[in-house]
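Some notes on the structure that comes next.
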Amino acid sequence: MASTDRRRPYLRIADDIRREIAAGRYAVGEQLPVARELAERYGVAMMTISNALAVLRDDGLIETRQGAGSFVIGQPAGDADSRPEGPSDEFRILSEQLQEIREHMRKLGSRLDDLESRSQPRQPER
């Protein structure tokens, strides 16, 4: 997983497992490693693995059987490295918040410039 990837860890892990399924490392009908092994492999908490597996279940790639583990039931559609069209909701929200912060900073900068100009002592004219 690239260190420049700023998505949540569970999403990166889900994408990694999705790529492994697409590459044939885990075939349809095959069991994925147990959550504990995945947590150790990725160096994350069990909850992070649970969230990653939930994403894969929601995508129709795996099913989890109580007491038996998670099994591959489908292949990813298209290229495993492809990104969804357009920015994600999380990106859109962060972008909007950043734009608001920039606008506030611009206003504060203008106010600061105004205050500094008023507080500067006037130089006597010669």
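The values are calculated or read from the model by the stated rules, or taken from the named source; none is laboratory data. Everything numeric here is computed off the predicted structure, so don't read it as measured data. Positions of Cβ are backbone-derived with ideal geometry, glycine not excepted, and every protein chain shown enters the neighbour counts. These accessible areas exclude ligands, DNA and RNA; they are computed on the full protein's heavy atoms, side chains included. Shrake-Rupley method; radii C 1.70, N 1.55, O 1.52, S 1.80 Å.
Within the shell of other residues whose beta carbon sits under 12 angstrom from the beta carbon of Gly69, the net charge comes to -1, with Lys and Arg scored +1 and Asp and Glu -1.
Kindly report the accessible area of the chain per residue (heavy atoms of protein chains, probe 1.4 Å, no ligands, DNA or RNA), in Å².
77
Using a 1.4 Å probe on the protein heavy atoms, what percent of the accessible area of the chain belongs to carbon and sulfur? C and S atoms contribute 50 percent here. With viscosity set to 1.002 mPa s at 20 °C, what whole-number translational diffusion coefficient in µm²/s follows for the chain from Stokes-Einstein and a Kirkwood radius over Cα pairs? Once the numbers are plugged in, D ends up at 117 µm²/s. Around the Cα centre of the chain, unit charges on the Cβ atoms of Lys, Arg, Asp and Glu (plus for the first two, minus for the last two) sum to a dipole of about 460 debye.
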